[in-house]
Amino acid sequence: MGTGVGTGMEKRVESDRSGEGPASLRLTMLGPLTVWRDGATVTLPASRKVRALMAYLALAPQAVARSHLCELLWDVPNDPRGELRWCLSKLRGILDEPRRRRVSTHGEMVSLDLSDCMVDAIEVLRATRHGLEALPPERLRALAQLFNGDFLDGLDIERHPAFYSWLTAQRRRFRGCQVALIECLVRSGPNDDDTLRYLEKWLELAPFDQQVHAILLSHLARRGRLREGEEHLAAAARMFEAEGLDHQPLRNVWRAARAQAEAKLSAAPTPSPGPAPSSGPAVVPRTNAAALLLPPSRRASIAVMPFIDRGQTSDVRGGSASALAHDVITRLAKLRSLFVIAQGTVFALHERHIGPEQAGRMLNVDYVVSGTLRRQGHRMIVSVELAETRSARIVWAEVFNQKFDDAFLVLDEIGNRIVASIASEIETIERNRAILKPPNSLDAWEAHHRGLWHMYRFNKKDNERAQHFFTTAIRLDPTFARAYAGLSFTHWQNAFQGWAKRETEIERAYEAAGQSLMVDDRDPAAHWAMGRALWLRGHHGQSIVELERAIDLSPNFALGHYTLAFVHSQSGDPKVAIESSDQSRQLSPFDPLLFGMLGARAMALVRLGRFAEAAEWGVKAAARPNAHAHILAIAGYSLALAGREREAFEHLLAIRKRVPRYRIDDFLTAMQFDPAAEALFRQAAMRIEID
């Protein structure tokens with residue numbers, strides 16, 4: 001991740017020149033830095049720093065401080081700002097036109113406006129940001145042709161560690177993009193010589209990516225080139241052994257591909273002068289090379305690379321950066337929902353100077369986390385990225401900037417937020433991916449996430465669909481604890497919303513939660529499901545014990561904090577409810593259950609007699625797009641207690657459009673308030689429930 005640019009490149013690519021004519025000015029950075037004006041190359045200054053400054057500013061998402069540029073490119077010269085001014089004057093001569101100023105300086109800040117230019121690196125980043133899979137082959141080929149070498153080939157500047165670190169990170173990033181483009185071309189293209197050419201380039205860029213070896217072996221087998229396949233397998237096995245990597249999956253792929261090829265040959269009809277058999281030759285399906293590399297029962301997999309400490313001049317293990325990476329790995333593993341690569345493996349790859357993108361392919365994982373850490377005065381700044389390995393797409397990036405009072409407390413808080421964000425983003429991606437697949441093609445992991453997609457719609461029909469997919473996931477993998485937890489939640493919803501017979505659904509929720517615990521009692525989601533089921537049964541004390549156990553197992557488990565807030569908001573400690581609600585929202589600010597987090601806070605404030613505050617939080621909860629009738633009721637009753645009867649009545653009308661005969665008894669049956677809180681809500685209902 002680049003210093004000062006890093007995550008921002010994803011913001012920079014918002015502008016799109018599609019549909020416009022060719023740009024008069026072009027910058028190519030995927031190879032040697034070159035500037036083209038009206039099709040002719042522009043002579044660049046001999047100064048490497050001028051060219052480095054141009055490239056850095058071209059990818060910067062926003063204006064950059066002069067002080068930062070001086071630190072980046074000057075090694076304590078006599079007058080770094082004077083040299084920067086000289087470099088900027090050279091850039092103006094290259095990029096500016098009489099009626100078009102592209103180099104902008106406003107006081108301390110410097111920026112380039114290249115919105116009317118074609119920049120090859122930005123074109124590639126735009127494509128990966130929006131997803132390569134949807135692009136047609138001709139667009140993929142055009143993007144692949146933009147690569148003419150490493151990013152800023154030949155522009156290394158010695159004795160400038162900050163620029164070197166940025167340059168190295170960008171070279172790894174764009175190499176990952178190039179590999180992802182080639183992979184898409186291979187998977188979308190026909191079985192011809194172009195495919196073989198792309199496979200050879202893919203191997204050159206990612207020699208330890210098991211996917212490319214598997215696809216190449218299958219390709220050779222289908223074309224009957226068995227001797228070449230044997231030779232490639234032997235060479236790959238030697239290379240993997242030398243690096244201490246397992247090559248047995250490749251042998252399995254070759255064995256299956258060769259068997260299919262030989263079966264096809266033996267099934268082919270023998271030429272004869274007579275008429276051909278009416279049945280025709282046997283059809284042998286292609287080997288799915290990628291599928292053979294996956295375990296039969298899978299979870300999404302992730303590797304967390306060691307974070308880079310920008311304050312260290314040597315690449316020595318230890319310190320805050322290593323501690324944070326170790327903490328993130330440990331916390332992700334505690335979630336039990338992801339397959340997490342062990343610390344020893346990722347640290348060993350890092351020490352061999354293998355970047356996150358290449359490491360992700362070597363380890364054959366779905367996602368890679370990388371980041372940097374630096375101290376600035378009394379603050380600690382941590383930048384983190386989550387990338388999809390196969391597409392090279394940055395799916396989440398964040399900068400955490402916190403006051404550096406206590407190193408352990410700061411790292412603990414940042415670690416919690418990183419892990420919660422990663423888990424939430426991956427769940428969203430996997431849900432959205434599963435919903436696009438044919439239902440009969442889903443594995444257990446995909447069926448579970450398809451169930452989550454329906455579950456978070458919060459209506460009776462989708463809840464029934466969610467039950468179906470959770471049941472499918474359990475049938476495909478009876479050891480999948482989270483599928484049982486999801487099934488328990490759907491029965492909980494039936495009881496809570498009154499969509500089915502309450503007593504029956506309470507017992508089914510409890511039974512499914514029990515199955516989840518039996519499968520994996522260290523999964524926080526299993527204890528979360530049991531805590532909710534116990535609450536339904538009226539066992540509030542035991543419910544809190546289970547929910548606290550979920551949080552003990554995984555302190556960044558946002559749903560555990562939220563449900564603890566929900567239980568305490570009605571008959572427990574309202575102050576604890578507010579704290580837990582705030583913690584859940586901090587950990588997962590875009591959670592599908594955000595309306596519940598806000599609603600729990602509103603109910604706790606009602607119990608504390610803080611009606612005006614309760615009304616504000618209730619309105620926020622009701623404004624969420626998936627808020628159900630009980631959430632609207634929290635807003636309406638809180639508004640009534642705050643003396644805002646007209647707004648309260650509007651919320652009541654909105655409820656009755658969904659549930660025509662909704663009354664206070666429906667609300668109180670769903671909730672489990674103590675007598676004092678129940679009296680407050682009945683008082684609110686008397687003010688607005690007019691037939």
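The values are calculated or read from the model by the stated rules, or taken from the named source; none is laboratory data. Just so it is clear, the structure is predicted and the values come from calculations on it, not from any experiment. Neighbour counts are summed over all protein chains in view; Cβ atoms, including those assigned to glycine, are modelled from backbone coordinates with ideal geometry.
Before moving on, here are some points about what is shown:
- Residues satisfying the stated conditions in the range 523-562, i.e. under 24 Å from the mean Cα position of the chain (by Cα) and in a helix (DSSP H, G or I): PRO524, ALA525, ALA526, TRP528, ALA550, ILE551, LEU553, ALA558, LEU559, GLY560, HIS561, TYR562
- In the range 198-209, the residues that are more than 13 Å from PHE240 (Cα to Cα) and buried (at least 20 other Cβ atoms within 10 Å of the Cβ) reach residues that are modelled with pLDDT of 90 or more and small (Gly, Ala, Ser) with C-beta atoms within less than 9 angstrom, at least six apart or across chains, in these pairs: TYR198/ALA144.
- Number of residues in the range 350-387 that are crowded, with 19+ Cβ neighbours inside 10 Å and either within 19 Å of the chain's Cα centre (by Cα) or in contact (Cβ under 8 Å) with a residue 60 or more places away in the chain (or both) equals 26.
- For beta carbons closer than 8 Å, sequence separation of 6+ or different chains, a first residue in the range 95-120 that is of a type in the set (D, E, K, R) and a second that is in a loop (DSSP other than H, G, I, E, B) and modelled with pLDDT of 95 or more, the qualifying pairs are ASP120/MET29; ASP120/LEU146.
- Some residue of the range 431-446 being of a type outside the set (A, V, I, L, M), free of Cβ contacts under 8 Å to residues at least 60 places away in the same chain and buried (at least 22 other Cβ atoms within 10 Å of the Cβ): yes
Table: residues versus (1) in contact with a Leu (Cβ under 6 Å, 6 or more places away or on another chain); (2) assigned to a helix (DSSP H, G or I); (3) under 23 Å from ALA300 (Cβ atoms).
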position	(1), (2), (3)
ASN401	no, no, no
ASP412	no, yes, no
ALA420	yes, yes, yes
ILE426	no, yes, yes
GLU430	no, yes, yes
HIS448	no, yes, yes
TRP453	no, yes, yes
ARG457	no, no, yes
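- First in the range 215-232 and touching a residue at least 60 places away in the same chain (Cβ under 8 Å) and more than 17 Å from ALA263 (Cβ to Cβ), second anywhere and in a helix (DSSP H, G or I) and not β-branched (Val, Ile, Thr), Cβ under 7 Å, 6 or more apart: ILE215/LEU199; ILE215/ALA289
- Taken as a whole, the condition of being buried (at least 20 other Cβ atoms within 10 Å of the Cβ), over 30 Å from ALA236 (Cα atoms) and not assigned by TED's automatic domain parsing to the domain that holds ASP521 does not apply to THR330.
- Of the residues making up the range 299-320, those that are modelled with pLDDT of 70 or more and not aliphatic (A, V, I, L, M) are ARG299, SER301, PRO306, PHE307, ASP309, ARG310, GLY319, SER320.
- Here is the figure for the range 573-626: residues that are charged (D, E, K, R), closer than 16 Å to HIS561 by Cβ, outside any helix (DSSP H, G or I) and out of contact with any Ser or Thr (no Cβ under 7 Å at 6 or more places or on another chain) total 1.
- Residue match in the range 468-488 (condition: under 16 Å from ALA447 (Cβ atoms), among the basic types (Lys, Arg) and in the same structural domain as HIS454 (by TED's automatic domain parsing)): yes
- Search result, residues across the range 536-571 that are of a type in the set (D, E, K, R) and surrounded by fewer than 24 Cβ atoms within 10 Å (Cβ to Cβ): ARG537, GLU548, ARG549, ASP552
- Qualifying residue in the range 634-643 (condition: over 24 Å from ALA533 (Cβ atoms), under 35 Å from the mean Cα position of the chain (by Cα), crowded, with 21+ Cβ neighbours inside 10 Å and not charged (D, E, K, R)): yes
- Screening ALA473 on (1) within 21 Å of LEU598 (Cα to Cα); (2) hydrophobic (A, V, I, L, M, F, W, C); (3) without any contact (Cβ under 8 Å) to a residue 60 or more places away in the chain shows it passes everything except condition (1).
- Tally of residues being in contact (Cβ under 8 Å) with a residue 60 or more places away in the chain and surrounded by fewer than 19 Cβ atoms within 10 Å (Cβ to Cβ) across the range 599-629: 1
Condition check ((1) surrounded by fewer than 20 Cβ atoms within 10 Å (Cβ to Cβ); (2) acidic (Asp, Glu); (3) within 30 Å of ALA180 (Cα to Cα); (4) not assigned by TED's automatic domain parsing to the domain that holds ALA58) across all residues:
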site	(1), (2), (3), (4)
GLY82	yes, no, no, no
SER89	yes, no, no, no
GLU97	yes, yes, no, no
ARG100	yes, no, no, no
ALA121	no, no, yes, no
PRO136	yes, no, yes, no
LEU140	no, no, yes, no
